[in-house]
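K.L.:
I am attaching a structure below and will ask some questions about it afterwards.
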Amino acid sequence: MAEITTLNELFLKAVAKHAKPDCFLSKIDGRYQGMSSQAALRKVAALASLFTRLHVKPGDRVAILSENRVEWALTDYALLGIGAIPVPIYTTLLEADIEYILRDSTAKGIVVATDAQLARVVNVRPRLPDLQLVLAMDCSKLEGTGAECWEGSLELEEGLALNAVESFTARAMTARPEDTATILYTSGTMGTPKGVILTHANIVTNVLECARIFPLSRDDSGVSLLPLSHILERTLDYLCFWTGVSIAYAESLDALPQNLREVRPTVMGVVPRVLEKIHDRVMEAVRAAPPLRQKIFFWALGVGKRAFPYRLKGQGLPLFLRWKYAVANKLIFSKVRAQLGGCVRILASGAAPLARELAEFFHAMDLPVYEGYGLSETSPVISINYPGHTKLGTVGPLLGGIAVKFGEEVHGEDGAAGQEILVKGPNVSPGYYHLEEENHAAFKDGWFHTGDLGAMDEDGYLYITGRKKNLFKTSGGKYISPEKLENLFQGHPYIHQIVVFGEGRKFVGALVVPVFERLAGLARARGMIFSCRADLVSNPEIRAFFQNVVDETTSNLPPHERIRQIVVLPRELTIAEGELSPTLKIKRRVVEEKYREAIEEMFSRHAPEKSATA
């Protein structure tokens, strides 16, 4: 089959190539039920006809505000097929952010899933003169909203449209590789969200390169968990559809364990936070087990950690280790894998750095995690570890056709703090939507300036060392990467979140959010009396406990990088409070402003000469 050049070709040729009875899987009436390739094509064609009847034209922006579900994918393919431009919106965004994206993109329409999402759109619609069309997937409260019912309108269209598939196919195949396929809005961690333009060619080249290095086929199945409004999950879904992998939509993060056992996926996209939750659930079960069972688990984990380097290289295990691994696999690893359905062989991790210890844990259990790196502006994958080419602690080798070079070194008195990663390739965005100044700053001489700091080793594996804009300098002239320090606490049993500060200060400090349930158990075991979280974290013994935890974790760092003082917060940082982006990245400016008083108090304290030991 000829190479594809557009997402429309991807959809149509995959339908013809695989003709699956279950290309999509949705939970209906308590069980996962499949939608065939041909049924998906008919629904996409009818939906495209509906959008056309509702006056959506090529180039019009139409937003999608929905959790992951098959209707999201169908809407996406239908809009692409008629030349309209999908604008995904995270369901976790605040009403003001939704209004901003709809206004900035001059969206002509929006497709929403739930009554709650519809209510937010109804609230902002009077201030959006360009927003002419609202289509609602779930129709329980449509009266007085001015919204059309997705299902009812689609059923009517399927009955009225003649030769819908043929006309859709003919129209969809007129798309060109350089046409805009979507506009994605960045998470806004560094300020106002920017609309990233991605063409058909940008995304398709990324899909084809990933298909080349990952062994996927129609015998595989995947669970779609990460938001489809994020380019990582969306590209992964395109990849799965192209390679014939059945795509099942998870009901929610809370329902994920049950969904995994039902679907038994072989592939899934994850972020480190999902892996942390799985790890924590396993370790909670271990801590609750009898001492002998705990001893067996940690013995098996040690065996797995000794074995996986051989497995990464495709080498056979030495005889004695092979025997031990077989026992460990039967007693422990197979049971852990069963909690994920028992068939997972590819966990693609992105969107945030993955702690090496966490990667080692999953590889030891024979749950291969392949960490990659990319941005919305790069469609998204720049580099990724993959079977036979994996080096833990890196984000893998570059995808084919992509070039990377490094900008000038950022220097402190102690030497280089890092070099900015510059990227060139067919996956790189042509620019931001109507932002001339930002385009001149980020896209120079054919190279995209990522804002991330990194290095390449002698084997061609890329390392990420921090974020250029987050890098700060202490009053002593020492450069600090906050991400480097924060990543040390990823998956820590007692620290849920940590935010590092120190710009212009004599030392480095941090805000710490505990794992409250576990901390409360520890406090009760130590005989502490408390009435609420604020009461708990104000206890001097608790603050000393966390300072010791921080001291111990950073003890191997150079003195200027160690976290000398902390503030323990009484609540989590959340998306709802505007402190986290939809991809769970910390909005440092927001957090710094909100906790300015506590931060100033922290830096007014004396910095100890030596870190205490735990």
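K.L.:
Yes or no: the stretch 234-257 includes at least one residue that is in contact (Cβ under 8 Å) with a residue 60 or more places away in the chain and either assigned by TED's automatic domain parsing to the domain that holds residue 487 or over 28 Å from residue 111 (Cα atoms) (or both).
P.N.:
Yes: one or more hits.
K.L.:
Can you find a residue in the stretch 388-404 that is more than 26 Å from residue 368 (Cβ to Cβ), assigned to a strand (DSSP E or B) and touching a residue at least 24 places away in the same chain (Cβ under 8 Å)?
P.N.:
no
K.L.:
Right, next: Specify which of the listed residues (377, 357) is under 21 Å from residue 302 (Cα atoms) and either touching a residue at least 60 places away in the same chain (Cβ under 8 Å) or surrounded by 23 or more Cβ atoms within 10 Å (Cβ to Cβ) (or both).
P.N.:
357
K.L.:
Let me ask something additional. Residues that are outside any helix (DSSP H, G or I) and out of contact with any Asp or Glu (no Cβ under 6 Å at 6 or more places or on another chain): does the stretch 95-105 have at least one?
P.N.:
Within the stretch 95-105 (the criterion being outside any helix (DSSP H, G or I) and out of contact with any Asp or Glu (no Cβ under 6 Å at 6 or more places or on another chain)), the answer is yes, since at least one residue qualifies.
K.L.:
Just one of 63, 119 is more than 25 Å from the chain's Cα centre (by Cα) and outside any loop (DSSP other than H, G, I, E, B); which is it?
P.N.:
Only one candidate passes the filter, namely 119.
K.L.:
Next up: Among residues belonging to the stretch 178-223 that are under 30 Å from residue 27 (Cβ atoms) and among the hydroxyl-bearing types (Ser, Thr, Tyr), point out the one that is nearest to the chain's Cα centre (by Cα).
P.N.:
Within the stretch 178-223, the match that is nearest to the chain's Cα centre (by Cα) is 187.
K.L.:
Here is a further query. Do the conditions hold for residue 41, that is, is it over 30 Å from residue 577 (Cβ atoms) and of a type outside the set (Phe, Trp, Tyr)?
P.N.:
In short, yes.
K.L.:
Across the stretch 189-245, what is the total count of residues that are buried (at least 22 other Cβ atoms within 10 Å of the Cβ), in contact with a helix residue (DSSP H, G or I) (Cβ under 7 Å, 6 or more places away or on another chain) and among the hydrophobic types (A, V, I, L, M, F, W, C)?
P.N.:
Matching residues across the stretch 189-245 total 13.
K.L.:
Got a sec? Which of 590, 549 is surrounded by 13 or more Cβ atoms within 10 Å (Cβ to Cβ) and more than 30 Å from residue 376 (Cα to Cα)?
P.N.:
Just one listed residue meets the conditions, 549.
K.L.:
Please identify the pairs in which a residue from the stretch 474-485 that is free of Cβ contacts under 8 Å to residues at least 40 places away in the same chain has its Cβ atom under 7 Å from the Cβ atom of a residue that is in a loop (DSSP other than H, G, I, E, B), counting only partners at least 6 apart or on another chain.
P.N.:
475/504; 475/505; 475/506
K.L.:
On to the next question. Is it fair to say residue 253 is modelled with pLDDT under 95, under 26 Å from residue 356 (Cα atoms) and surrounded by fewer than 24 Cβ atoms within 10 Å (Cβ to Cβ)?
P.N.:
It is true that residue 253 is modelled with pLDDT under 95, under 26 Å from residue 356 (Cα atoms) and surrounded by fewer than 24 Cβ atoms within 10 Å (Cβ to Cβ).
K.L.:
Can you name every residue in the stretch 438-467 that is over 24 Å from residue 391 (Cβ atoms) and of a type in the set (D, E, K, R)?
P.N.:
Listed by number, the residues that qualify are 438, 444, 445.
K.L.:
Going by the conditions given, is residue 92 surrounded by fewer than 22 Cβ atoms within 10 Å (Cβ to Cβ), under 28 Å from residue 168 (Cα atoms), touching a residue at least 40 places away in the same chain (Cβ under 8 Å) and not hydrophobic (A, V, I, L, M, F, W, C)?
P.N.:
No: the conditions fail for residue 92.
K.L.:
Looking at the stretch 19-75 only, could you name the residues that are at pLDDT below 95 and among the basic types (Lys, Arg)?
P.N.:
Correct list: 20, 27, 31, 42, 43, 53, 69.
K.L.:
Could I ask something else about it? Sort through 578, 521 and tell me the only one that's surrounded by fewer than 18 Cβ atoms within 10 Å (Cβ to Cβ) and at positive phi.
P.N.:
Checking each option against the conditions leaves just 578.
K.L.:
Restricted to the stretch 276-307, and to residues that are among the charged types (D, E, K, R) and modelled with pLDDT under 90, which residue is surrounded by the most Cβ atoms within 10 Å (Cβ to Cβ)?
P.N.:
My answer is 276.
K.L.:
crowded, with 20+ Cβ neighbours inside 10 Å, under 18 Å from residue 80 (Cα atoms), in contact (Cβ under 8 Å) with a residue 12 or more places away in the chain and hydrophobic (A, V, I, L, M, F, W, C) - does that describe any residue in the stretch 23-42?
P.N.:
Yes: the stretch 23-42 contains one or more residues that are crowded, with 20+ Cβ neighbours inside 10 Å, under 18 Å from residue 80 (Cα atoms), in contact (Cβ under 8 Å) with a residue 12 or more places away in the chain and hydrophobic (A, V, I, L, M, F, W, C).
K.L.:
Residue under question is residue 159, and the condition is that it be part of a loop (DSSP other than H, G, I, E, B), surrounded by fewer than 24 Cβ atoms within 10 Å (Cβ to Cβ) and modelled with pLDDT under 95; does it hold?
P.N.:
No; evaluated as a whole, the condition is false for this residue.
K.L.:
Find the residue count for the stretch 536-576, including only residues that are of a type in the set (Gly, Ala, Ser) and over 20 Å from residue 516 (Cα atoms).
P.N.:
Selection size over the stretch 536-576: 1.
K.L.:
Filter the stretch 453-486 down to residues that are assigned to a helix (DSSP H, G or I) and in contact with a Gly (Cβ under 8 Å, 6 or more places away or on another chain) and give me whichever is surrounded by the fewest Cβ atoms within 10 Å (Cβ to Cβ).
P.N.:
Among residues in the stretch 453-486 that are assigned to a helix (DSSP H, G or I) and in contact with a Gly (Cβ under 8 Å, 6 or more places away or on another chain), the one surrounded by the fewest Cβ atoms within 10 Å (Cβ to Cβ) is 469.
K.L.:
Now a separate question. Going through 310, 325 one at a time, which residue ends up being in a helix (DSSP H, G or I), hydroxyl-bearing (Ser, Thr, Tyr), out of contact with any strand residue (DSSP E or B) (no Cβ under 6 Å at 6 or more places or on another chain) and crowded, with 19+ Cβ neighbours inside 10 Å?
P.N.:
325
The values are calculated or read from the model by the stated rules, or taken from the named source; none is laboratory data. Everything numeric here is computed off the predicted structure, so don't read it as measured data. Every residue, glycine as well, gets a Cβ built from its backbone with ideal geometry; the counts of neighbours run over all protein chains shown.
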